[in-house]
Amino acid sequence: MTIAIEKQDVTTSPFIEVRNVSQVFRTTTRGEVAALKDIDLTIREGEFLSVLGPSGCGKSTLMRVIAGLVKPSSGDVLLRGTKVEKPGRDVGVVFQQAALFPWRSVKKNVLLSAEMLGLSKDVADERAEQLLDMVGLGHAKTLYPYELSGGMQQRASIARALLHDPPLLLMDEPFGALDALTRETMGLELLRIWDQSRKTVVFITHDVNEALFLADRVLVMAARPGRINELIEVNLPRPRDLDVMSTPEFGETAKHLRHLLGARTGE
Ligand SMILES: Nc1ncnc2c1ncn2[C@@H]1O[C@H](COP(=O)(O)OP(=O)(O)O)[C@@H](O)[C@H]1O
Ligand SMILES: [Mg+2]
C-alpha cells in the first residue's frame, strides 16, 4: 500500500507572520502609549498589501517591527519561519522622504546598500544601471539629488531599496510628499515594477484610493491602541490603470473603507 504524501504548496505558505505583536512606548509627556496591540497578520509571498489608517494608529511602528528595526514589547515576527531579530538583507525600505545623500550622485545613492552589505562591485554596478532604467532614471544617473523633482527622488530611493534584491519591500507613505498627479503616476510605476520584480510589498498610506488602487489586500488599522480593524480582499482585475477608479466596484469598496476610517461620507 502506498501512502499519498501531500506536497507543500510553497506559494500559499506564509511569508511573514506577525504573531500577537504589541508595542508600548513609555513617554515622559503622555505616559504609556499603546502603539500596537495584539496584532496578528499573515502576509503571503508576492502579494501587495496596503496598510491604511489614520495618523498615529501605529502603521510606521508595525513597519519597523516587520523590518526588524524595532523589537516589539511582546509577540514576534517570522520571515519564512525564522524570527526577525534585526534588520536583514531580506528587506528593502522606502520612507516618505527620499533621504538621499546630497553629495552623492543618483547612481552612487542607489549603490549605497551594496557598500554597506559588501556586494561585489561589478554585480552591484550592473544592477544599479538596470534598476535606474527600470524606474525611469536611466538618463539621470549622474545627476545630484537637488537636480531631481520629488517624484524622481522617490524613484531613486525605490531603486536603492531594490539594489540588494530583497524579497520584501516595505514602503512607509512613500508618495506622501508628492502632489496628487505625480502620486498617481508613481502608483502606476510602482505596479509596473512590482509586476516585473514580484516582490512582496507592504505599502503604508492614509489615502483610501491609493491603498485600494494598488493592493491585493487592504489592512485597515484603528488608533489608541493601534490595532487591526479589518482586512479586506481587493478583487479588482489586474493589470490596473487609473480607469479602474471610476468603476462601481472601486467606488463601493472605497466607501466601505471610508466608513471603517470613520469618515463622514455625507449619507
Ligand atoms: N519612538 C517612539 N516613542 C514614543 N512614542 C512613539 C514612538 N514612535 C511612535 N510613537 C507613538 O506611537 C503611536 C503610533 O505611531 P506611528 O507608528 O508613528 O503611527 P502612524 O505611522 O500610523 O502615524 C503614536 O501615538 C506615536 O506618537
Ligand atoms: Mg507613520
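The numbers here are math on the coordinates, done by the rules we state, and not lab data. Predicted model, so just to flag it, every value in this text is computed and none were measured. When we count neighbours, we look across all protein chains shown, and the Cβ atoms used for this are built from the backbone with ideal geometry, even at glycine.
Side notes on the structure shown:
- Positive-end residue, the chain charge dipole about Cα centroid, Cβ charges, pick of 168, 22, 187: 22
- Karplus-derived 3J(HN,Hα), 6.51/-1.76/1.60, for each residue of segment 38-43, Hz, glycine and proline x: 6, 8, 10, 7, 10, 10
- Cα gyration tensor shape of segment 154-206, rounded if a/c is under 1.5, else prolate or oblate by comparing a/b with b/c: prolate
- Shape category assigned to segment 93-232 from the gyration tensor of Cα positions, a/c cut at 1.5: prolate
- Comparing 35, 156, 99 in a Gaussian network model of the chain, where Cα atoms under 10 Å apart are tied by springs, the biggest mean-square fluctuation is seen for 99.
- Sorted into 10 angstrom bins from 0, the C-alpha pair distances of segment 23-116 split as 12, 38, 32, 16, 1 percent.
- GNM flexibility winner over the chain from 185, 28, 42 (Cα, springs under 10 Å): 28
- For segment 140-267, size of Cβ-based charge dipole, Lys and Arg +1, Asp and Glu -1, in debye: 340 debye
- Taking 1.002 mPa s as the viscosity and 20 °C as the temperature, the Stokes-Einstein diffusion coefficient of segment 80-170 based on its alpha-carbon Kirkwood radius rounds to 161 µm²/s.
- The Rg/Rh ratio of the chain, with Rg taken over Cα atoms and Rh as the Kirkwood radius over Cα pairs, comes to 0.99.
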